[in-house]
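The values are calculated or read from the model by the stated rules, or taken from the named source; none is laboratory data. Everything numeric in this text was worked out from a predicted model, so none of it was measured. We place every Cβ from the backbone using ideal geometry, glycine too, and count neighbours over all the protein chains shown.
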Amino acid sequence: MAAKTVNDIVALCKRRGFIFTGSEIYGGLGGAYDYGPYGVELMKNIRDAWWNAMIYSRDDIEGLDAALITNRLMWKYSGHEAGFSDPLVECKKCGARMRQDKMKDQSKCDNCGSTEITEPRAYQLMMGLSIGATADGAINAYLRPETATTTYTNFKNVLDAKPHKLPFGIAQIGKAFRNEISPRGFVFRMREFEQAEMQYFVNPADDEAFHKMWMDERLAWWINVLGIPAEKLRFAPHEKLAHYAKAAVDIEYEFPDGFDEVEGIHNRQDFDLGSHTKGQKELEINANVIENKDSITKLAFSDPQTGKTFVPYVIETAMGINRAMLAVMIEAYNEEDLGDGKSRTVLKLKPALAPVKAAVIPLARNIPELLNISNEIVRDLRRLGIGRIELENSGNIGKNYRRHDEIGTPVCITVDHQTIEDNTVTLRHRDTMAQERVPITQIKEKLLEIVK
Ligand code: ATP
């Protein structure tokens, strides 16, 4: 059973330190959230799982970490400055501002139901910056609204440093900023969020096959690595394609309120490299690009076999890490009836994603023998380098188990008086609550088996 409402997750996130409201002590700031002790771990584990699949498991994709503050020209030629906007409407009665394409009923205000709605106007989503000592504070740079563009502009840098044949890819994880009209759904739609995007450069003749390949690869990752059941995921092709796209398909997850986008897999043709390259006229660019008078670099591929220079097509995979974490938490959330009026909340996360890998708990507080053994076990487990191992020295075993169930810790290791006599501990498993007695010497092996 997954969470029935996103509010279950909001409450758990606050209570157990996954996610807090941004700028909370000053009344908050719409669309901004702060990640707490366990949220940072879960985010990191999702990031690592993606990096593992995209970079460490392959030979054909390189990593990149580009600046978040970017030259304005980048967004002129990418088309964002003129066209990265949402349709904004206002209710004449209550003043609510809404994104027209996301309204429940476009003829009625989402807030008060009035039918007096303004005509839509294009609302620029990029956050402008005034950097350096400008006299008037005018916008002269932008915070990036996606990672992809800085990947395209580094195409030649990466290829020169690490030669590749086609197809090859460049992947980035990092923050993106969008001045969303109405942030909503907790961390579903924020103004500052994190993306994991990969741009795969292919021979134009192979674009459709690689688009299909990446759709399959990414769906399998959501199922096998994040642990989302296949029936809660679906492909949703875009009904209306952007002018540069040849095909665009979203992976949607079934949130408690219905299916919504978590990742996009798009065939962007030669639009992006074609938009940012110098010497556009010498290259046969298929997409409709504006004339670039400012680029100083040719972004094209020279085929050593045919001697032909051309602009590769791009297959993009674009995922939001915050949305992935939200989906993972919703799916892992369980409220279990334990009988006798008792219940527990447990996050049945894949152990590899769990914020804490194991908790070591001396049965009673501040008993030197128990504490010494516990500390030794903790030290030993930390050397495995598998993530957080926590020592719980509060002496309240029931409370400790409940807390670790709620944050998804796969195993608790309890050290008691019998440990002093026979060097065994109790392993208590999160999902089944089953307990087994094992020698201290076997804990490492068992834990590695669980979190692998
Ligand atoms: P939407 O239609 O929901 O506005 P999009 O199609 O503009 O999203 P992309 O530009 O394709 O989104 O971004 C890729 C991924 O980044 C999305 O699938 C989503 O997971 C994530 N993402 C986009 N916007 C936000 C946001 N405001 N807050 C959190 N995650 C986001």
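For beta carbons closer than 6 Å, sequence separation of 6+ or different chains, a first residue in region 11-23 that is in the same structural domain as G36 (by TED's automatic domain parsing) and closer than 13 Å to L326 by Cα and a second that is of a type in the set (F, W, Y) and surrounded by 14 or more Cβ atoms within 10 Å (Cβ to Cβ), the qualifying pairs are F18/Y38; I19/Y33; I19/Y35.
Restricting to region 230-278, name every residue that is assigned to a helix (DSSP H, G or I) and not small (G, A, S). Once the filter is applied, which keeps residues that are assigned to a helix (DSSP H, G or I) and not small (G, A, S), region 230-278 yields E231, K232, F271, D272, L273, H276.
Screening region 350-363 for residues that are in contact (Cβ under 8 Å) with a residue 60 or more places away in the chain and not β-branched (V, I, T) and picking the one that is nearest to the ligand (Cβ to nearest atom) gives L353. For region 307-421, the helices (runs of 4 or more DSSP H) that sit wholly inside it and include 1 or more residues that are of a type outside the set (S, T, Y), crowded, with 20+ Cβ neighbours inside 10 Å and touching a Cys at 6+ places or on another chain (Cβ under 9 Å) are 321-332, 397-407. Going by what's in this entry, would D303 be described as under 22 Å from G279 (Cβ atoms) and among the acidic types (D, E)? It is true that D303 is under 22 Å from G279 (Cβ atoms) and among the acidic types (D, E). Here E90 fulfils each of the conditions (1) within 28 Å of the chain's Cα centre (by Cα); (2) acidic (D, E); (3) surrounded by 14 or more Cβ atoms within 10 Å (Cβ to Cβ) apart from (1).
Would you please name the residue that is surrounded by the most Cβ atoms within 10 Å (Cβ to Cβ), looking only at residues in region 63-81 that are closer than 15 Å to G174 by Cα and of a type outside the set (A, V, I, L, M, F, W, C)? Per the stated criteria, the residue is T70. In region 99-110, the count of residues that are touching a Pro at 6+ places or on another chain (Cβ under 8 Å) and among the polar types (S, T, N, Q) is one or more. If only residues of region 53-63 that are in a helix (DSSP H, G or I) and in contact (Cβ under 8 Å) with a residue 12 or more places away in the chain are counted, the one that is farthest from K162 (Cα to Cα) is A53. Can you find a residue in region 104-111 that is within 20 Å of M190 (Cα to Cα) and either touching a residue at least 40 places away in the same chain (Cβ under 8 Å) or touching an Asp or Glu at 6+ places or on another chain (Cβ under 7 Å) (or both)? Checked against the condition, which is being within 20 Å of M190 (Cα to Cα) and either touching a residue at least 40 places away in the same chain (Cβ under 8 Å) or touching an Asp or Glu at 6+ places or on another chain (Cβ under 7 Å) (or both), region 104-111 yields at least one hit.
Contact map, region 400-415: first residue farther than 20 Å from I330 by Cβ and free of Cβ contacts under 8 Å to residues at least 60 places away in the same chain, second residue part of a helix (DSSP H, G or I) and of a type outside the set (A, V, I, L, M, F, W, C), Cβ cut-off under 8 Å, separation 6 or more or different chains; pairs are V411/K446; C412/N400; C412/Y401; C412/H404; V415/S374.
So is K44 assigned to a loop (DSSP other than H, G, I, E, B) and surrounded by fewer than 18 Cβ atoms within 10 Å (Cβ to Cβ) or not? When the stated conditions are applied, K44 does not pass them.
Would you confirm whether or not region 393-404 contains a residue that is within 18 Å of V356 (Cα to Cα) and under 26 Å from the mean Cα position of the chain (by Cα)? Among the residues of region 393-404, at least one is within 18 Å of V356 (Cα to Cα) and under 26 Å from the mean Cα position of the chain (by Cα), which makes the answer yes. Looking at region 248-266, which of the residues that are touching a residue at least 60 places away in the same chain (Cβ under 8 Å) and away from the ligand (no atom under 13 Å from the Cβ) is surrounded by the fewest Cβ atoms within 10 Å (Cβ to Cβ)? Only one residue fits best here, namely D257. For region 329-349, the set of residues classified as touching a residue at least 40 places away in the same chain (Cβ under 8 Å) and either in the same structural domain as F18 (by TED's automatic domain parsing) or touching a strand residue (DSSP E or B) at 6+ places or on another chain (Cβ under 9 Å) (or both) consists of M329, I330, E331, A332, Y333, N334, E335, R344, T345, V346, L347, K348, listed by residue number. If you go through region 293-317 and keep only what is out of contact with any Gly (no Cβ under 9 Å at 6 or more places or on another chain) and over 21 Å from G169 (Cα atoms), you end up with K293, D294, I296, T306, G307.
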